[in-house]
1. Pick from Ala35, Ala53: which is open to solvent by 20 Å² or more (accessible area, probe 1.4 Å), of a type in the set (A, V, I, L, M, F, W, C), at pLDDT 95 or above and assigned by TED's automatic domain parsing to the domain that holds Leu162?
2. Which of the residues belonging to segment 318-330 are away from the ligand (no atom under 16 Å from the Cβ) and surrounded by 15 or more Cβ atoms within 10 Å (Cβ to Cβ)?
3. Residue by residue through segment 165-193, note down the ones that are more than 13 Å from the ligand (Cβ to nearest atom) and either at positive phi or under 9 Å from the mean Cα position of the chain (by Cα) (or both).
4. Consider Val189 carefully, then state whether it is closer than 21 Å to Tyr295 by Cβ, assigned by TED's automatic domain parsing to the domain that holds Met96 and either among the charged types (D, E, K, R) or at pLDDT 95 or above (or both).
5. Exactly one of these conditions fails for Ala215: (1) surrounded by 19 or more Cβ atoms within 10 Å (Cβ to Cβ); (2) among the small types (Gly, Ala, Ser); (3) more than 16 Å from the ligand (Cβ to nearest atom). Give me its number.
6. Quick check on my filter: what residues within segment 123-142 are within 13 Å of the ligand (Cβ to nearest atom) and either surrounded by 15 or more Cβ atoms within 10 Å (Cβ to Cβ) or farther than 21 Å from Ser214 by Cα (or both)?
7. Say we look at segment 334-379 and pick out the residues that are aliphatic (A, V, I, L, M), away from the ligand (no atom under 16 Å from the Cβ) and free of Cβ contacts under 8 Å to residues at least 40 places away in the same chain; which of these is least open to solvent (accessible area, probe 1.4 Å)?
8. Being open to solvent by less than 20 Å² (accessible area, probe 1.4 Å), away from the ligand (no atom under 12 Å from the Cβ) and in the same structural domain as Val76 (by TED's automatic domain parsing): is that true of Ala196 here?
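The values are calculated or read from the model by the stated rules, or taken from the named source; none is laboratory data. This is a predicted model, so every value here is computed, not measured. Cβ coordinates were reconstructed from backbone atoms using ideal geometry, including for glycine residues, and neighbour counts include every protein chain displayed. For the accessible areas, the whole protein counts, side chains as well, though only heavy atoms, and no ligand, DNA or RNA atoms are used. Shrake-Rupley method; radii C 1.70, N 1.55, O 1.52, S 1.80 Å.
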Amino acid sequence: MNKLTDHKGINLEGLQNETLVVHADDRMTDERTLAPAIYYSATFRAEDATEFAEMAGTPRHSQYYTRYGNPVHARVQKVLAELEGTETALVTGSGMGAIATTILALVSAGDHVIAQTRHYMSTAKIMDEMLPRFGVEVTVVEQSDASAFAEAIRPNTKLIMLETPANPTMVVTDLAAVAELARPRGIIVVADNTFASPINQRPHDLGVDVVVHSATKYLGGHHDITAGVICTSEELAGRIWDTHISIGSVLSPMDAWLLLRGLRTLPMRIERINSNALALAQFLEEQPQVERVYYPGLASHPQHELAKRQMKGFGGMIAFAIKGGYDATQRFVSALKLSQNAVSLGGVDSLVVHTAAMWAGVMSEEQMQTAGIPANFVRYSVGIEHIDDLKADILQALQLV
Ligand SMILES: *Cc1c(COP(=O)(O)O)cnc(C)c1O
């Protein structure tokens, strides 16, 4: 497979996600294996010196050196770009690899960046600590208020970083409104779409330039790999790739293969996770031991209307508060049997975390208050188990609170 060929001439135009995840990458290869082959090779040989020169001079070549690209990367990137509706995609060794590489590729000293008050912790760290070290100014704004972004824009604003829905209260950012502010000013908008997945939300359709994911979560879907992806235009991907090969956040061919395997069932998993999560959120709202439930799919979510506008489904992340404070919440989490007490999210198994316990090691109580993390918060990542079993597990644990 020197050349990636469209061997069956499948026209992807108009195909649904369920079909794309199975067939979009067929176009990339004339391999005879039905399952994708894993190219476990760090380097690739040229036929002669002329071909070598051509390989060396081709950006994003999929068979030159694996840090630059790999045939399995190319296949999984094709599926991811189709799902997000972008021209292309670039896989990385982790979600943070995707986020850090994107930001470092696109901003320079003297630029200004706008970020949200609520970001994934390591993203917040890039904003609060890393960028200022390199002479990039960052303004953090309340993401539920689109006008806060407008007010923060300066003549040197280069990039706006978004993430929606976001921890810990599943706050939603109005992607279309922010993209509309940014477009006429040439500001690049990046959105972390990890919590929603492209099945529920397509930021690029709403005007976002770069969509990033921790593919460790829903895209991989089985809690077995660490991976990331950047979905964007050919032009921006070229610029980001140029930085990517220097940063070196490379996805191993095996993990790229597992990601591709995971993607085959993404639409089915998300369909089940959406329905499980909505049912569970409604069920939790009825329980006397539960103080409050935060889920964009509930009418009680302050941004439910916005969520309905920009999301097709509301995803599998639920936050809720247990009556009785820190100790009661610890008892609840310990009593759960089916739902494993583990960080991460988005896989086939339901995971639960007592948010305050997770942050206690790295944040002071004051910082937790500013970040809006009360002592009695639970974050629940809904899996694909049967809803009746999940409800029963939660019910027995609530009785022990
Ligand atoms: C997990 C996560 C990340 C980081 O991804 P890794 O794959 O762990 O590097 C970034 N953003 C969000 C929203 C996440 O959940």
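1. It is Ala53.
2. Phe320, Ala321, Ile322, Lys323, Gly324, Tyr326, Ala328, Thr329, Gln330
3. Passing the criteria: only Gly186.
4. When the stated conditions are applied, Val189 does not pass them.
5. (3)
6. Thr123, Ala124, Ile126, Met127, listed by residue number.
7. Ala356
8. Answer is no for this residue.
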